[in-house]
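Structure first, commentary second.
The values are calculated or read from the model by the stated rules, or taken from the named source; none is laboratory data. Given the structure is predicted, the values throughout are model-derived calculations rather than measurements. In this analysis, Cβ positions are derived from the backbone assuming ideal geometry, glycine residues included, and neighbour counts consider all displayed protein chains.
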Amino acid sequence: MSGILRRCAALLASAALTGALVSAPAADADDFSRVDRDPVEGAALVLADGQEVDTALFSLRVADEASVRAYAARVEEEVRPRTAYVESAWSDNPGWTGTGSDPSPAPADRANWIVSHSYPAVDLGLLAQVTGLVQLDEAGAIAATQAALWHVLEGAEPDRSANDLGVVALYEFLVAGSGAAADHTTARSLELSPSHVEEVAPDEPLGPLTVHSSAADPVQVSVRGAPAAWLVDGAGDQVTQADDGAELFLDVDPSVPAGVVTLHLLGQDVSLPEGRLFTGRDGVRTQPLITAEEVSATSSASATFTWHPEQTAEPSPEETPEPAPSQEPPALGEAPDEAPTGVETPPGADDRIPGEGLARTGTWLSGLLIIAGALVVSGLLILVLGRKRRG
């Protein structure tokens, strides 16, 4: 196969795999969430730049099941009430997950600590005690919690002189406490890592993919795609369920040279702790929301396996055979060289008449045309003579 044909075949195979990946159904397409009713209004907050912003505690219906209250993640963003939300990974926002060189807790971990230690996860009376306040109402607790979240995620600062003293006191308590937050507390309730595995000409099961689940019970696992593929564990046994930390592999029939398989996880009554991030489904722009209490709901996740045959390398320039040297025509007056050794003269070649093939063909064609013309003239003469006789 030439290099061009090989490249065309590779492009066709790549297009087929890409099409299968695009057409594969998303696991979380049916368990989306929505803001389901009017939020609870918090106290208005004045920022250090003089801007006055509203605060609120939203209600998010998760997977059309239980509702969970949630805070906004950004200062400059609006909630679109009819927008579909899905649970997202904090790691999709690098600025919120920190870097390995920074020893302080990541903003996502600090946000998790704040919602875990404030309203509504903690009663208002208890919050008043830990902050030294005589009284703390719901609106003030919402404003203080929202201000603390915007500070660790967006760097926003409230104007201490322009806000209620109770709001400022709770804000400072939450910001200071979040500085000692534990690392890596914001994983998704159900996910697979990595989200994609690709192999070239695999001779062993593809994988592994690791299951991360906050569910108490095993989650269901299934595959869609190539018919000759089975989901197995590390021992090679087929599996239909998996626990948190389980490693999954895809065993492929060797007769199938290429394919795409989607692995689906589905968990019932999966625990969704506070501090989970929800964003607009399919990248729709809306206010990201952070859950402020724990809830249980149906959750799903997916990942893909792809494999294809190894492409044959094109021959290098050194391996390309050199063309045979051409023979120069004999000079005028010189006899042609003898036939090269090992090349036989075709039988009867010396008996051919020069120009025999094409000249003979032309002669026969000319003769046929003359005969045809004569027949036509004869027919016309017969017709004319016949008419004269009838006349």
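Just a few scattered comments:
- For first residues located in region 36-56 and assigned by TED's automatic domain parsing to the domain that holds VAL75 and closer than 15 Å to ARG74 by Cβ, partners that are of a type in the set (D, E, K, R) and assigned to a loop (DSSP other than H, G, I, E, B) and lie 6+ apart or on another chain with Cβ distances below 7 Å form the pairs LEU47/GLU157; LEU47/ASP159.
- Qualifying residue in region 168-186 (condition: free of Cβ contacts under 8 Å to residues at least 40 places away in the same chain, under 20 Å from ILE290 (Cα atoms), surrounded by 22 or more Cβ atoms within 10 Å (Cβ to Cβ) and not polar (S, T, N, Q)): yes
- Taking (1) in a loop (DSSP other than H, G, I, E, B); (2) at pLDDT below 95; (3) among the small types (Gly, Ala, Ser) in turn, GLY95 satisfies each apart from (1).
- Hits in region 130-163 (condition: within 19 Å of VAL46 (Cβ to Cβ), among the hydroxyl-bearing types (Ser, Thr, Tyr) and over 36 Å from the mean Cα position of the chain (by Cα)): SER161
- Residue list for region 205-240, filter: charged (D, E, K, R) and either in contact with a Lys or Arg (Cβ under 9 Å, 6 or more places away or on another chain) or at pLDDT 90 or above (or both): ASP217, ASP233, ASP237
- Output for region 170-203, where each listed residue is at pLDDT below 95 and outside any loop (DSSP other than H, G, I, E, B): LEU190, GLU191, LEU192, SER193, HIS196, VAL197, GLU198, GLU199, VAL200
- Residue list for region 265-290, restricted to those being of a type outside the set (Gly, Ala, Ser), out of contact with any Ser or Thr (no Cβ under 9 Å at 6 or more places or on another chain) and at positive phi: ASP282
- Pick from region 98-107, criterion assigned to a loop (DSSP other than H, G, I, E, B) and either buried (at least 16 other Cβ atoms within 10 Å of the Cβ) or of a type in the set (A, V, I, L, M) (or both), ranking: nearest to the chain's Cα centre (by Cα): GLY98
- Residue selected from region 108-129 under the condition in a helix (DSSP H, G or I) and exposed (fewer than 15 other Cβ atoms within 10 Å of the Cβ), by the criterion farthest from the chain's Cα centre (by Cα): GLN129
- Evaluation of ALA235 against the conditions (1) surrounded by fewer than 20 Cβ atoms within 10 Å (Cβ to Cβ); (2) more than 30 Å from GLU138 (Cα to Cα); (3) among the small types (Gly, Ala, Ser); (4) touching a residue at least 60 places away in the same chain (Cβ under 8 Å) shows that the sole unmet condition is (4).
- Subset tally (residues that are among the hydroxyl-bearing types (Ser, Thr, Tyr) and in a loop (DSSP other than H, G, I, E, B)) for region 37-86: 2
- Region 249-272, subset acidic (Asp, Glu) and either outside the structural domain of GLU198 (by TED's automatic domain parsing) or under 14 Å from ALA226 (Cα atoms) (or both), residue surrounded by the most Cβ atoms within 10 Å (Cβ to Cβ): ASP251
- Single residue of THR210, THR262 found to be touching a helix residue (DSSP H, G or I) at 6+ places or on another chain (Cβ under 9 Å), part of a strand (DSSP E or B) and more than 30 Å from ALA72 (Cβ to Cβ): THR262
- Qualifying residue in region 164-180 (condition: under 30 Å from ARG61 (Cα atoms) and under 24 Å from the mean Cα position of the chain (by Cα)): no
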